[in-house]
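The values are calculated or read from the model by the stated rules, or taken from the named source; none is laboratory data. Keep in mind the model is a prediction, meaning the values are calculated, not measured. So basically every Cβ, Gly included, is an ideal-geometry build from the backbone, and we count neighbours across all protein chains shown.
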There are 2 protein chains.
Amino acid sequence: MTMLPGERLDLISSRLQDTGKVIAADLARELGVSEDTIRRDLRDLSARGVCERVYGGALRLPASAATTLSKRAGQSVEAKAALAREAVKWVDEGACVFLDAASTNLAIADALPRDFGITCITNAPQIASALTLRGDCDVVVLGGLVNRTVGAAIGAEAMQAARNVRPDICFLGACGADAQAGITAFHAEDASFKRAISEVSAITIAPVTTEKIMTAAPFKVMELADCTAVLVEADTPENAVAAFRKAGADVRRCAQ
Amino acid sequence: MTMLPGERLDLISSRLQDTGKVIAADLARELGVSEDTIRRDLRDLSARGVCERVYGGALRLPASAATTLSKRAGQSVEAKAALAREAVKWVDEGACVFLDAASTNLAIADALPRDFGITCITNAPQIASALTLRGDCDVVVLGGLVNRTVGAAIGAEAMQAARNVRPDICFLGACGADAQAGITAFHAEDASFKRAISEVSAITIAPVTTEKIMTAAPFKVMELADCTAVLVEADTPENAVAAFRKAGADVRRCAQ
DNA sequence: CCGAATTATGCACGATTATGCACGATTGAG
DNA sequence: CTCAATCGTGCATAATCGTGCATAATTCGG
């Protein structure tokens with residue numbers, strides 16, 4: 001019995017949906033291929049956002065928990081802080097800054113220069129909370145029902161409120177960044193909101209952590225070329241940076 | 001059946017969310033791994049901010065932990081927690097609850113029963129943040145410019161948004177509570193906002209810490225008699241309670 | 001049909017990760 | 001204070017991973 005590669009991918013991903021997890025060694029035995037091949041398959045699937053790669057196999061991603069701001073906030077803290085330090089260089093004194101729901105933006109909220117007369121706008125309660133605790137900047141909250149999985153207000157009410165602001169600079173968290181697919185998000189409404197706020201902002205900066213590089217989420221936000229700048233970490237592979245530049249992006253690499 | 005390391009982490013963390021605590025020895029027996037491994041798992045989870053490591057296991061950390069203010073502003077953490085436990089008895093399943101900016105309300109945000117289908121409305125970013133971190137209730141944010149000293153949106157935009165909601169219960173933080181002066185606040189706009197939200201709510205509950213008893217702030221919110229109930233601590237002087245009752249308040253004393 | 005380019009696969013190798021055990025230190029209850 | 005439970009660390013072992021490379025299969029343009 002011969003099995004086509006694509007057929008195998010389908011089988012793995014449906015098994016994943018079905019049982020919630022797959023074990024690399026089991027699949028290899030069951031499908032009569034080497035574990036190397038299975039590992040490559042799982043790597044592909046996780047890059048396409050179908051599953052989460054873990055030691056020994058892969059898990060169906062919970063669609064919610066893994067993507068929430070709170071869970072991501074504690075991960076790769078130093079990398080995000082480095083991205084944030086680079087990002088805040090774009091902020092002028094007295095500027096009006098928009099931050100959407102993203103763990104990197106939480107880091108930016110902390111990294112913004114102190115007593116700089118900044119006005120911050122956000123639709124994410126956690127970001128708003130961090131900003132108000134600083135006590136040195138005005139905070140404007142875009143209200144409405146907070147989407148549980150995204151951790152921010154992204155519905156009609158927030159969209160309406162977004163039309164009444166014009167930030168000087170907009171920091172957009174990306175769920176995925178790919179040369180072809182551009183900046184992408186896990187939720188349709190989230191993608192719409194990001195697009196809307198970017199359109200009313202003078203400039204748009206997208207900080208992208210390495211794990212998000214070359215992965216595409218289901219919903220498109222914008223082209224890489226439409227960002228004023230894309231910030232990447234120091235350890236981002238050079239070929240990824242090259243691909244982004246070819247797609248028209250102004251890529252800025254962080255200092256180590 | 002083999003269990004993937006990542007899968008085990010997910011299981012522990014969801015168990016933590018459900019029951020509020022886990023015991024290392026139990027997990028080890030149940031999952032068929034050594035306690036060392038469980039200890040390492042719990043260490044990882046706590047490093048990622050998912051839980052708090054304690055002797056023998058781990059605890060779900062209260063959502064307000066992220067907002068440092070709870071510890072800083074509130075010396076009387078336990079007293080507020082006691083008030084909060086009393087306050088949440090007023091909340092029915094599926095209720096719509098309003099919480100304004102107050103440290104006692106932050107405690108209430110933690111104390112609300114889990115998985116109760118509650119919808120929470122708030123104009124305070126810190127409260128909204130704590131609520132979204134719980135992950136088990138819908139959160140509606142009233143937006144607008146956040147007043148730095150009050151820590152909540154209390155301007156025209158928030159007032160407008162407040163007119164479009166009708167909470168079942170409104171928990172009002174009091175800056176002062178006095179038999180003659182009633183419930184009072186430090187800021188004029190804050191007082192106006194509290195009055196407005198109370199008027200659209202079915203019932204209004206005012207939890208009052210002992211330090212606020214018999215003190216009056218400059219701006220009046222409402223009469224004590226207009227609150228559905230006033231909650232006071234166990235150590236509140238009896239003469240104060242008597243004076244409140246004489247003024248028409250339905251005073252409920254906390255259990256010790 | 002044929003050769004070149006692309007893709008898929010397996011294998012070897014060193015690197016990384018996960019796990020259990022031993023040992024001494026620490027904690028908390030009585 | 002005493003003692004048992006729990007914890008942290010170092011170490012050994014095994015499983016898993018990533019990468020480079022060689023080989024087979026497939027695709028594609030004449």
How about the stretch B:91-140: which of its residues are among the hydroxyl-bearing types (Ser, Thr, Tyr) and part of a strand (DSSP E or B)?
B:Thr119, B:Thr122
Quick check on my filter: what residues within the stretch B:16-56 are under 31 Å from the mean Cα position of the chain (by Cα), among the aliphatic types (A, V, I, L, M) and under 24 Å from A:Gln75 (Cβ atoms)?
B:Leu16, B:Val22, B:Ala24, B:Leu27, B:Leu42, B:Leu45, B:Ala47, B:Val50, B:Val54
Search the stretch B:121-137 for residues that are more than 8 Å from chain A (Cβ to nearest Cβ) and pair each with any residue that is of a type in the set (Asp, Glu) when their beta-carbon atoms are under 6 Å apart and the residues are at least 6 apart or on different chains.
B:Asp136/B:Asp115
Based on what the data block shows, is A:Val22 within 11 Å of DNA strand C (Cβ to nearest atom), surrounded by 17 or more Cβ atoms within 10 Å (Cβ to Cβ) and within 13 Å of chain B (Cβ to nearest Cβ)?
no
Residues of the stretch B:153-176 that turn out to be of a type in the set (Val, Ile, Thr) and surrounded by fewer than 17 Cβ atoms within 10 Å (Cβ to Cβ), as a count
1
State all residues of the stretch A:196-224 that are over 18 Å from A:Asp168 (Cβ atoms), touching a strand residue (DSSP E or B) at 6+ places or on another chain (Cβ under 8 Å) and part of a helix (DSSP H, G or I); if no residue qualifies, say none.
A:Thr210, A:Lys212, A:Leu224
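Could you please find all residues in the stretch A:150-159 being facing another protein chain (nearest Cβ under 9 Å) and either in contact (Cβ under 8 Å) with a residue 60 or more places away in the chain or part of a strand (DSSP E or B) (or both)? If you could, list the steps in order and put the result at the bottom.
Looking only at the stretch A:150-159, we keep the residues that are facing another protein chain (nearest Cβ under 9 Å), and these are A:151-153, A:157-158.
If the condition is that a residue be facing another protein chain (nearest Cβ under 9 Å) and either in contact (Cβ under 8 Å) with a residue 60 or more places away in the chain or part of a strand (DSSP E or B) (or both), then A:Gly151, A:Ala152, A:Ala153 are the ones that fit.
If you go through the stretch B:25-43, how many residues are of a type in the set (Asp, Glu) and within 12 Å of DNA strand C (Cβ to nearest atom)?
To start, the set of residues in the stretch B:25-43 that are of a type in the set (Asp, Glu) comprises B:26, B:30, B:35-36, B:41.
Next, from what is left, pick out any that are within 12 Å of DNA strand C (Cβ to nearest atom): B:35-36, B:41.
Count: 3.
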Could we say that A:Pro167 is over 20 Å from A:Glu52 (Cα atoms) and either in contact (Cβ under 8 Å) with a residue 60 or more places away in the chain or not basic (Lys, Arg) (or both) here?
yes
How many residues does the stretch B:1-18 contain that are without any contact (Cβ under 8 Å) to a residue 24 or more places away in the chain and within 25 Å of B:Pro113 (Cα to Cα)?
5
Cross-chain or 6+ apart pairs with Cβ under 9 Å, the stretch A:31-44 first and small (Gly, Ala, Ser), then within 11 Å of DNA strand D (Cβ to nearest atom)
A:Gly32/A:Met3; A:Ser34/A:Ala28
Criterion (within 14 Å of chain B (Cβ to nearest Cβ) and away from DNA strand C (no atom under 16 Å from the Cβ)) met by exactly one of A:Ala111, A:Ala95, A:Ala84, A:Ala107
A:Ala107
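For (1) surrounded by fewer than 24 Cβ atoms within 10 Å (Cβ to Cβ); (2) at pLDDT below 95, each residue gets a yes or a no:
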residue	(1), (2)
A:Ala102	no, yes
A:Ala111	yes, no
A:Arg114	yes, no
A:Arg134	yes, yes
A:Leu145	yes, no
A:Gly151	no, yes
A:Gln180	yes, yes
A:Ile183	no, yes
A:Lys194	no, no
Of those in the stretch A:55-80 that are more than 8 Å from chain B (Cβ to nearest Cβ) and modelled with pLDDT of 90 or more, the residue surrounded by the most Cβ atoms within 10 Å (Cβ to Cβ) is A:Ala58
